[in-house]
Every structure is written in C-alpha cells, then in structure tokens.
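Asker: The structure's right below; bear with me while I get my questions together.
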Amino acid sequence: MRPMVEKTLSRQLLAWYRDQARDLPWRNHPDPYAVWVSEVMLQQTRVATAIPYFERWMERFPSVHALAKASEDAVLMEWEGLGYYRRARYLHQAAKTLVKTNQGNLPRNVDALQNLPGIGPYTAAAIASMAFEQDVPAIDGNVRRVYSRVFNVDLPLSTAEGKKRIQTLAEEQLPPGEASDFNQALMDLGASICTPQSPDCPRCPLIKDCQAYDQKIQEQRPIYKEKAPIPHHTVTAAVIHKNGSLLLAKRPPEALLGGMWEFPGGKMGEDETLEECLEREIKEELGIQIDIQEKVGVYQHAYTHYKITLHAFLCTLRSSDIQLTFHLNWTWSPLSELEEYPMGKLDRLISRKIQADHTPGADHS
C-alpha cells in the first residue's frame, strides 16, 4: 500500500487549484495551438513576461496556418525580446510541417508531438495533457521542486538517478482523467508558493505532507550539482554607416540568435585590442576593411552559458566588396527602417541609441 501522502496529495492539490488557479490567457483555450505557443514561450521565460507576447502573437498569428504563411522575419519580430530565438524558428518550422502533413492539426500523443521541431519531452507532455486530456505527467522546474520537497528527494536533480526518481513520483501521483488540472496545479504551486527561495510554506496546501518542511530543510531542496563558473567574453560590433544607412548582417540559423539581424563583429582574442579585434572580425566575416571612429557604447548581457561585454564602434568602409563567409545576408538599412529588422537585445539597444543620436548621416560618409 502506498503511503497516505500518495492518496491525499492529488485531492488536496486539485482542491487548492480549483480555488486558486492563475487566470492565464491560454488556459481553457479551445485551440491546442494556443497551448503549444504558450508552452514554447514559457521555456526560459516568466509567466508575467510571456503573457503580452502571447496575446500579440495570437493576434498576429491566430492559427497554425497563419503562422506557416508568415515570413521568418515577421515571426522573429513578434518574438523579439523573449530571447532564445531558436524557439520561434522551431515553432515556424513545425507549423509549416503540420500544414503539409496534418492539415494544420497538432497530433494528440506524446511520441508524435516530439517528432515536431522544438518539442521535447516536457512540452509534448504539457500539450498532450492540457490540450488533449492525455494521462501523462508534465515535469518542468516547478514540478521537480515541489516533488523534491514533498518527498525529500536527496539526489541531485541533474543526475540520472535524480531524474528517474522525479519521473517515478510524477507517474505515481498523476490522478487518472485529471492530468491537465493536476499538471497545471503543480506548476502554479511551484510558481507562487513553493518558490526557489523563501517558499511560502504556511500557505501551501501540501504542508502537512511535505517531508522537507517536516525536517525544516525545504530550502535545501532541490539538490543541484555545483555549477562551473560562467565564462565572460569581450566582443565588438561595427556600426558601419554610409549615406545615412547602416550595414546589417543576418545570422545563420544554426548560430546563437539565428535568423536575427546584427551589427557585425565578434569575440576578442588574446593580446588583441578592441580595434584590432573589430577590424579582424569584419575582414573575416564580410571580406571588407573598415575605418573605426568613435565608440557608440558598452553593453552587458548574460546568455545561458556565458556573459559578454560588447563594445560598439561607429565605422566607415575602406573597401566595399562585401563577401559573406558567416552571415546569410546583408543589407543597408536607413535609420527609419531599423525597427523592421528583428534583432537581439544588444543590437536593438545599439540601433535605438544611434536613432536617438542621429549620428550617422550623409555628412559623415
């Protein structure tokens, strides 16, 4: 016989959820497409941040067919600011696949969902349970945290043993026929009460059954392996201007920020100055030589696995025979049209500073 906690957890949690569930625009949506979009957006993104993006996305691309017909630039423009742009490109690719192979309809089961670009085990389980009422557990970071505390999982969650333990617990706890609400209840609990730091245990519906709370070690769960130090890189970017326009280059799909437009540049090597780095990168990537003028600004950003400090410089062309070795395409954009090109966060900051300063112009060329 299972411990009493396994008999009561789902009942207590579902009762709490039906009273306290967050009002989210994709919940109870009649179209599974909405669930899919929301789950992809919520990867590495907070709910409060995702909501306005979701609402704009659904207005711009209200169906799988509408998304499939859109251009990549249009898709990336709607995603700009959410980061991890490969997610948007995978959504776009999957929509095209669904239109060609399944009349624009999402498959109902986990295995078929995982055959689509960008849909992994968690996203497939979330769509299958929430959109199609399939009895499968959807295990995200919130769910892992809740289970690791309630059942005092003393294994690092990044290990195979830790992952297996959480998977087993999730399968055992899942109430048949109520997977949609149960999965979302766990997510809401982890997001609002069983938070990473300072969990609000007195408000938790599972407090009486929480083994970690009983031992006063809830803030020591989950257990994670110690992370390696995050490396830092210094990079440069060339804001090349000519006759009031700026040179933009489009990143290849397999690269970080794939499909986005940028001010070209790259990472500084050992024993290089910023200027030497920029001249080398532009020569390697575009086959041209530049004259460096004043600095536009210095920008900081943290990606998943490293941090950067970016130094941007105004530049002019010394030679103009552009030959692409890394980028997909290039263009000259008037200042007034920069907002029409999807960009990463730092390139957008640079473009807006240039627009505000009105520095590049015909008189500077």
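Read-outs throughout are calculated quantities, based only on the coordinates presented, and are distinct from any laboratory measurement. Everything numeric in this text was worked out from a predicted model, so none of it was measured. Because the Cβ atoms are built from the backbone with ideal geometry, glycine has one as well, and the counts that use them run over all protein chains shown.
Asker: About the Cα centre, and with charges only on the beta carbon of Lys, Arg (+1) and Asp, Glu (-1), how big is the dipole of the chain? Nearest 20 debye, please.
Answerer: For this selection, approximately 1020 debye.
Asker: So who's got an amide H within less than 5 Å of the one on HIS233, skipping anything under 5 residues away but keeping other chains? H placed 1.01 Å off N, in plane.
Answerer: Excluding prolines and chain starts, which carry no amide H, the hits are LYS307, ILE308, THR309.
Asker: Per the Kirkwood treatment, what hydrodynamic radius in Å, one decimal, follows for the stretch 4-220 from the mean inverse distance over all distinct Cα pairs?
Answerer: One over the average 1/r among Cα pairs gives 18.1 Å for the stretch 4-220.
Asker: Here is a further query. Just add up the charged neighbours of PRO342: K/R +1, D/E -1, any other residue whose Cβ is under 12 Å from the Cβ of PRO342.
Answerer: Neighbourhood net charge equals -3.
Asker: Okay, moving on. Which order results if ARG221, ARG89 are arranged by neighbouring Cβ count within 10 Å, fewest first?
Answerer: ARG89, ARG221
Asker: Please name whichever of SER63, VAL153, GLN220 sits farthest to the positive end of the charge dipole of the chain, dipole taken about the Cα centre and charges placed at Cβ: Lys and Arg +1, Asp and Glu -1.
Answerer: VAL153
Asker: Got a sec? How would TRP36, TRP332 order by Cβ neighbour count within 10 Å, fewest to most?
Answerer: Ascending number of Cβ neighbours within 10 Å: TRP332, TRP36.
Asker: With the contact rule set at Cα under 8 Å and sequence spacing of 6 or more, what percent relative contact order holds for the stretch 215-356?
Answerer: This gives 31 percent for the stretch 215-356.
Asker: May I pose another question? Under 9 Å from the Cβ of THR325, count the other residues' Cβ atoms, weight Lys and Arg +1, Asp and Glu -1, and hand me the total.
Answerer: -2
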